[in-house]
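Notes to accompany the following structure.
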């Protein structure tokens, strides 16, 4: 890091870089080059949470500044390197927890304020992608096969629409994207489809899952940019069973 920090956070991004932030500055660490680079500034805060959301952005929530516990939250967009203010927490809190749920919402719970002491309250942050539930892909069955491939069954993997290219060929927006996210480390990868087995509106089989963190993980299907509710799977040296 280029400056001393305390009360900061470190978040692993889908591109493999690590976002380290404590108000009012943030930096990106690139493990491929071993170098740090400055990125966008955020509100001066410490003892807050920074959580990678399913849409790839990072939500910084709560914390403290000059002995004032905060309700404010901000979103970091890795594509632009900028922070923007978003909806505030209902309760000011620091030293709280933040957990992404299988439905994509963020559960913020507990924490501390100087006036109230330890908090028992919790609240949900909705990313707000603005889709109808009838459009959402659904994973009904998930298995890690003996050859390390993800085998999915469900519905609406094909999505509800296609972009028009002026010809009869399918648009690439019609292609399902499958995300694998480690629960322990937040390591995120996107798994391509097996070119032999392919995919359909109800099935998806991936190439082998290699070089990914062992342990519990969440699998999400994106169709037309709409995420399914995540399903859990155990990544290990032996294949996982159905979930």
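Take each of the peptides 21-33, 190-202, average the number of other beta-carbon atoms within 10 Å over its residues, and list them starting from the highest. Each step should come with its number before you reach the end.
On the way: 21-33: 17.1, 190-202: 13.4.
Highest-to-lowest ranking by the protection proxy: 21-33, 190-202.
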Taking just the C-alpha trace of segment 175-243, give me its Rg and Dmax in Å.
11.9, 33
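Students often check this: by mean Cβ neighbours within 10 Å, which of 14-20, 42-48 ranks highest, and how do the rest follow?
Values: 14-20: 16.1, 42-48: 21.3.
Going by the mean number of other Cβ atoms within 10 Å, highest first, we get 42-48, 14-20.
Of 79, 121, how do they rank once you tally other Cβ atoms within 10 Å and put the fewest first? Before the final figure, lay out the partial values.
Numbers: 79 8, 121 14.
Taking fewest neighbouring Cβ atoms as first place, the list is 79, 121.
Taking a temperature of 20 °C and a viscosity of 1.002 mPa s, what whole-number D in µm²/s does Stokes-Einstein yield for segment 133-235 with Rh from Kirkwood over alpha carbon pairs? Before the final figure, lay out each step's value.
Details: Rh = 14.0 Å.
D = 153 µm²/s.
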How do 93, 5 line up, fewest other C-beta atoms within 10 Å first?
5, 93
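Dividing the convex hull volume of the Cα atoms of the chain by its residue count, what figure in Å³ per residue is obtained? All intermediate terms of the calculation are to be shown ahead of the outcome.
Numbers: hull volume 37.4 nm³, N = 243.
Hull volume over Cα atoms, normalised by residue count, gives 154 Å³.
Treat segment 9-125 as a sphere of radius equal to its Kirkwood radius over Cα pairs and apply Stokes-Einstein at 4 °C in a medium of 1.567 mPa s; give the translational diffusion coefficient in µm²/s, rounded to a whole number. Show your work: numbers first, answer last.
Working: Rh = 14.4 Å.
Once the numbers are plugged in, D ends up at 90 µm²/s.
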With a ≥ b ≥ c the root eigenvalues of the C-alpha gyration tensor of segment 27-69, is it rounded (a/c under 1.5), prolate (a/b larger than b/c) or oblate?
oblate
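Quick note: the coordinates plus some simple rules give every number you see, no bench work behind them. Here the structure is a predicted model, which means the values were calculated and not measured. Heads up, the Cβs are rebuilt from the backbone with ideal geometry, glycines too, and the neighbour counts pull from every protein chain shown.
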